[in-house]
Amino acid sequence: MLVIANHDIHDPEKFWALAQTVTAALPLGFKLHSVMPSMDMKTGTCLWEAPSVMDVQKFIDEGTGSFSNNSCFQVNEAASIGLPKVEMEAAVHN
């Protein structure tokens, strides 16, 4: 499934440095498609492919939660435009 993560960042320098480290070793079944920070780096939106919303929420909160408030939601793929092809089903069943 595709999951959006929105980040309200309290400490941009620490958040983005830690985010690079955390996302260098993603859990099995996770793929980070896009990282879109604001110009001031105090907010960001990321597009994930993962087994569930709760998996993404937990991963992000454990990795960067001390520097940001994070909220995640499942993307309504049928109503969206321009999304990447989700390959999660094949990865989960193989």
When Lys and Arg each count +1 and Asp and Glu each count -1, what net charge do the other residues less than 14 Å away from Cys72, Cβ to Cβ, add up to?
-> -4
For the stretch 1-85, the charge dipole (Cβ of Lys, Arg +1; Cβ of Asp, Glu -1; about the Cα centre) points to a positive end, and the Cα of Met1, Asn69, Val53 closest to that extreme belongs to Met1
Expressed in nanometres to one decimal, the distance between label points 7 Å along Cα→Cβ at Asp40 and Lys14 is 1.9 nm
Give the relative contact order (percent, whole number) for the stretch 1-87; include only Cα pairs under 8 Å separated by 6+ residues.
-> 45 percent
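Which of the trypsin sites (Lys or Arg not before Pro) found in the stretch 33-85 are in a DSSP loop and have at most 15 neighbouring Cβ atoms, other than their own, within 10 Å?
Details: sites: Lys42, Lys58, Lys85; in loops: Lys42, Lys85.
Passing both the DSSP loop test and the Cβ count: Lys42, Lys85.
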Nearest 20 debye, what's the magnitude of the dipole of the chain about its Cα centre given +1 on Lys and Arg Cβ and -1 on Asp and Glu Cβ?
-> 80 debye
Using a cut-off of 18 Å between alpha-carbon atoms, which lysines can reach Lys14, once sequence neighbours fewer than 8 places away in the same chain are excluded?
-> Lys42
Can you give the extra length, in nm with one decimal, that the chain gains between Glu77 and Met54 once fully stretched, where that is 0.36 nm per residue apart less the Cα-Cα distance?
-> 6.5 nm
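Bear in mind that the values in this text are calculations on the coordinates, not laboratory data. Just so it is clear, the model here is predicted, and its values are computed rather than measured. A quick note on method: Cβ atoms are made from the backbone with ideal geometry, for glycine too, and the neighbour counts reach across all protein chains shown.
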